[in-house]
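**Q** There's a structure below that I have some questions on.
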Amino acid sequence: MFKLIQNFIIDLLFPICCLGCQQENKTKEYLCEKCFKKLVFCKRSYHFQLDFLDNIAIAGDYEDKILNQLITTLKFNAIKPIGNILAKFLCLFWQGRAILYPQKFIVIPIPLSETRERYRGFNQAEVIALYFANYFQYELNLQLKKIKNTKAQAELSEEKRLNNVKGIFQWKGENLSGKSIIIIDDVITTGSTINEAAKTLKLAGAKSIIALAIAKG
Ligand SMILES: [Zn+2]
């Protein structure tokens, strides 16, 4: 009973509004169904020169106001349920492509450093990867670890970004020989981080690696 009253008061004080249309919604979703349907898949094609990735797929467009709002709120306000909304969008995107790949993938999120994860309370890429892996019945694996802290990539030039990420990951899982991997991140910028992760996984034996992200920043 106490919990019920407590929830009632929290709802009263902090109603959950849709991040798209700002309407309060009774299902307590951060994005109402109507606004979710407005999210569109990315129509641009990007050119990345990344040696260790076999393919990069970007689901949405960062310029899309609603998608942008979801990504930034998840990251900076640490509202975990938004990860599931973005993951649902990623699943719809991947559904059209999954038929091209009969193999079972191992899904690996880009890890955060331990201190960063403790600060935020969760890793947003992991929240997305968990939902995604469940949806497609792929195996989720969290054995890719970030062993070095990095400066914020946004502040660096492209060349410095490459140096900044060198050796930051370590694979702590079993040998990956013959395995197909999907690495998941929320946003890919130049791709140097995800490429470094792919390098680590290829050195651990991975056969093929696809990078999958919500948007390109
Ligand atoms: Zn809405």
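Where a number appears in this text, it was derived from the coordinates with a stated rule and is not lab data. Given the structure is predicted, the values throughout are model-derived calculations rather than measurements. Reconstructed Cβ throughout: ideal geometry from the backbone, glycine too, with neighbour counts over all protein chains shown.
**Q** Nearest 0.05, what FRET efficiency do Lys145 and Ile99 give at R0 = 30 Å with Cβ-Cβ as r?
**A** For R0 = 30 Å, the calculated efficiency reads 0.40.
**Q** Once the Cα atoms of helix 2-13 and of the chain are each reduced to a long axis, what angle between those two axes, in degrees from 0 to 90 to the nearest 10, is obtained?
**A** Around 90 degrees separate the two axes.
**Q** A further question on this structure: Tally Lys/Arg at +1 and Asp/Glu at -1 over every other residue whose Cβ is under 14 Å from the Cβ of Cys35; what's the total?
**A** +1
**Q** Which angle between 0 and 90 degrees, to the nearest 10, do you get for helix 192-203 versus the longest principal axis of the chain when only C-alpha atoms count?
**A** Value to nearest ten degrees: 50.
**Q** If exposed means no more than 16 neighbouring beta carbons inside 10 Å and the site is in a DSSP loop, what's the longest run of the chain without any exposed GluC sites (Glu not before Pro)?
**A** Between exposed loop sites, the widest span is 64-173.
**Q** Let me check I have the definition right: for the stretch 1-153, take the eigenvalues of the Cα gyration tensor, multiply each by 5, take square roots. What are those semi-axes in whole Å, largest first?
**A** 29, 21, 16
**Q** Would you pull out the residues with amide H under 5 Å of Ala206's amide H, same chain only if 5 or more places away, H placed 1.01 Å from N?
**A** Leu176
**Q** Follow-up. Need the full-extension length gain, Phe122 to Leu162, defined as separation in residues times 0.36 nm minus the C-alpha distance. One decimal, nm.
**A** 11.8 nm
**Q** Tell me the trypsin sites (Lys or Arg not before Pro) within the stretch 154-202 that lie in a loop according to DSSP and have at most 13 other beta-carbon atoms within 10 Å.
**A** The qualifying sites are Lys166, Lys172.
**Q** Search the structure for amide H atoms under 5 Å from the amide H of Ile56, placed 1.01 Å from N in the peptide plane, and list their residues when 5 or more places away or on another chain.
**A** Ala211
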